[in-house]
1. Kindly indicate whether A:VAL433 is assigned by TED's automatic domain parsing to the domain that holds A:PHE261, part of a helix (DSSP H, G or I) and within 26 Å of A:PRO237 (Cβ to Cβ).
2. Every residue in the range B:55-70 that is more than 9 Å from every other protein chain (Cβ to nearest Cβ) and in contact with a helix residue (DSSP H, G or I) (Cβ under 8 Å, 6 or more places away or on another chain), please.
3. Identify, from the list A:GLY367, A:GLY388, the residue that is touching a residue at least 12 places away in the same chain (Cβ under 8 Å) and within 12 Å of another protein chain (Cβ to nearest Cβ).
4. If I go through the range A:348-364 residue by residue, how many of them are part of a strand (DSSP E or B) and within 14 Å of chain B (Cβ to nearest Cβ)?
5. Could you grab me the full set of residues in the range B:22-68 that are among the charged types (D, E, K, R) and either in contact with a Pro (Cβ under 8 Å, 6 or more places away or on another chain) or at pLDDT 85 or above (or both)?
6. I need a count of the residues in the range A:336-347 that are more than 9 Å from chain B (Cβ to nearest Cβ) and either hydroxyl-bearing (Ser, Thr, Tyr) or more than 18 Å from A:PRO426 (Cβ to Cβ) (or both).
7. Out of the residues in the range A:404-420 that are of a type outside the set (A, V, I, L, M, F, W, C) and touching a residue at least 12 places away in the same chain (Cβ under 8 Å), state the one that is nearest to A:LEU355 (Cα to Cα).
8. Test A:GLY274 against the criterion of being touching a Phe, Trp or Tyr at 6+ places or on another chain (Cβ under 7 Å) and outside any helix (DSSP H, G or I), and give yes or no.
Amino acid sequence: MQPAPAPEARPRTPFTLLPPPGAGGLLSAPRAGRPAGDHRKLAQVRLGIIGVLAVLLPPALIGLGYPTLALPVLIGAGLLLIATGIGYTRGRRTGDIPSAWLFYAAADTLVILLLGALLGPFMDVFLIVVVVELARIYRHGRLVVAGAGVAAALILGKWALAQALGSAGGWGAGLRPADQTLLLAISTSLVALICANSLATFIQHYAREIFSYERIQEVNAAELHVAHEIQSSLMAPRELESGQWSIAAISVPAKEVGGDFYEYIPALGNSIGGIAIGDVSGKGIPAALQMAVVRTIFRIEARRRIFPAETLTRVNQSLQTEMQTQGMVTLLYAFVDPLEGVMYYANAGHNYPVLLNERVTELKLAGLPLGVDGDTEYDERSVPLHPGDSVVFYTDGVVEAFNPHGELFGFDRLLALLAQHRTLAPKDLVHEVLAAVEAFAGDTAQSDDITVVVLHHDLSVGRPAKGSSSDPARKRLEPATAPAGQPADAVWPTQTVDSIGIGSLRTSPAHNATEGR
Amino acid sequence: MSILIEQLGSLTIVRILTDSVDALSAKEIEAAAGQLRDRTALDFGKVLFINSAGISALLKLVIEARKQGKKLYALNVTAHHRKVFEMVDMLRYMPLTTLEDLQAAAT
C-alpha cells in the first residue's frame, strides 16, 4: 500500500527550558532589539538601586551591630557601579545593547562570587547561585532548575543542621549565632530572589512567546485569507455560458493559496474561445506566486495568437527568460471553434483532458512541462465536439488524492466516475468529481491543489442561458461581467481574437492529428 | 541516502531506495548524475509516490543526460507513474525497459 503523505505538521513553539536570547532578568541581558533609550533608562535605574543600597545598607548594618558585613557590601556595590558604567558605555559605543547587559550579568555574577568568598561559610550557597545564574545566561534551562533545586535543598539542610547543632555545628565558626542567623537569612533571601527571578524570566519568556506565536499565527492566517481572496478574485468565473457552450470550474487549493489555475480566453465577440488549465509544481505561497507569473505570461501570449501549440511554445520561451523556474508548470491550452464545433489543443505535460460522449476518451497528447527546456516546441491536435459532448480538464490533485489506507484515487477511478456521470451538466459534473475525491480521501489531508473544469457543447440550439444574471457565481461572456472592481478587459480583453480568424486555424500545419469519434 | 548506485558491466543502475521521490530525494538523484555512465537505468521499484517537484527534477536530469549523449532507462515503474511519465514526455528521454532486456542488449 502506498503510504499517504503525512499532513504537514503545524509549526510548534519549542518548549524547552531555555531562556530567550538576551532575555532580561535581574542579572542578565534584556531582550535583543531593546532600543537605546531603554538601555539608558535601565542603566539609570540600575545605578539608582545600587547607589541607594551602597548609601543605606552599610550604615544600617553598622547600626545594627554588624560592621563586618558593611565592607563586603560596599565593595560589592562599588564593583557593580563600575560594571554598570562600563556596560552602559560599551552599549552606547557599539550599539549592541544585549551584549552590554550580558556584561552586567557577568559583573553581577563576579560580585556575587566575591561576596560569597568574603562571607566564607556561605561560599557554597553563593556558588550555587552563580551556577544558576550562569546556566541561565548561557541558556541551559535544565541546569537552572537543577541548580535552584540543589540550592534550596542545601539552604534548607544547612538551616536544619544549624537548628540541630547550633553554633557548635562547625560551620560558621567564629561568628555569633545571631550573625549566623542573619547571614543565613540574607543568603537565603538572595538565593530565593535570584532563583525566583530566573524562573520568572522563563515564565515571562514562554508566556510572551506563546502569545506572540498566537498573534503571528493570527496575522499569518489573516494575510493568507486576503491572499486567498485575491487569488480567487483573479480566477476566471466558475460558470460561463455562451450560446451552445457552457463551462463550469472549481479549484480547491490544498492550502489557502495554490498553484493550480484555469483561464478562459474569449473569441468571436466574447464567445467561448480558449480554455487553459495549469499546475505549478509545489503548493502554497511559492506556487501561488509562480502561478501568477505564468498566468500573466500566458494571458499575454494567448491574446497575441490563436494556435495553442504556438502559444505554449511562446509561454515556455518567455518563462525561460522572464523567471528562473525552480520547478515546472504543466499547462494544457485548448481553443474551441464554436462555429465548427472543433477543439484544438496543445499540452505541456498536463493531465490528458477527457472527452465524454458515448465513450470516455482520454485526449492523449504528451509534452514537456513549461520551464524544463526552453527549446521545446509543442504539438497540436484537434477533436470535434458534437452537441452533447463534454471535455473534462483536471489537475493531478484529483488523481493523486490519497485515502486513509494510502491508496491513490488514480486515473482508472476517475475515468470510471466520468463514464458513470458523463451526461451530467458541467456544474453537476464538477461537483460530482470533487465530491467523489472528498469521499475517497475521507479524513486524509488534501495533499495537492485540485482543479476541475468541464466544457460542454449543449444539445439544444440557441436555448436561453441557464440561471439568472442575478446569480453571482454565474457569469456571462460579456465584458460587463468582469468582477466588481476590475476593468472588463482584466478578465475579458476587449480586443478579442476573432479578428485573427478562426478559419485560418483549420489550415494550420501545426494540426497533426484528430481524435475523438 | 536515498539512492544506491551499482555497476553491472557497462550499465549503471541507480536504485532509488525511498518510497517517495520529492525535491529532496530528486536532488540526491541529480547529484548522482555526475556518476552516470553512457547507459544508466533508474530503478523505481521501491517508489510509490513522485510529487511534481520530483517529476520536475527527474525531467531536468534526464534531459541533461540526453543532451550529454547518455542513455537513460526506467525500471519497475508503477502503472500510475508510467502514465505520468508519458504525459510529461519523460518516456521520450527515458524509455521504460527491464533489467533483462538491458542485459540482453549488452551481450
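1. yes
2. Selection gives B:LEU58, B:LEU61, B:VAL62, B:GLU64, B:ALA65, B:ARG66.
3. Step by step, each of A:GLY367, A:GLY388 is checked, and only A:GLY367 is touching a residue at least 12 places away in the same chain (Cβ under 8 Å) and within 12 Å of another protein chain (Cβ to nearest Cβ).
4. Count: 3.
5. B:ARG39, B:ASP43, B:LYS46
6. The number of residues fulfilling the criteria is 7.
7. Ranking the candidates gives A:ARG413 first.
8. In short, yes.
The values are calculated or read from the model by the stated rules, or taken from the named source; none is laboratory data. Note that the structure is predicted; figures quoted are calculated from it, not measured. Reconstructed Cβ throughout: ideal geometry from the backbone, glycine too, with neighbour counts over all protein chains shown.
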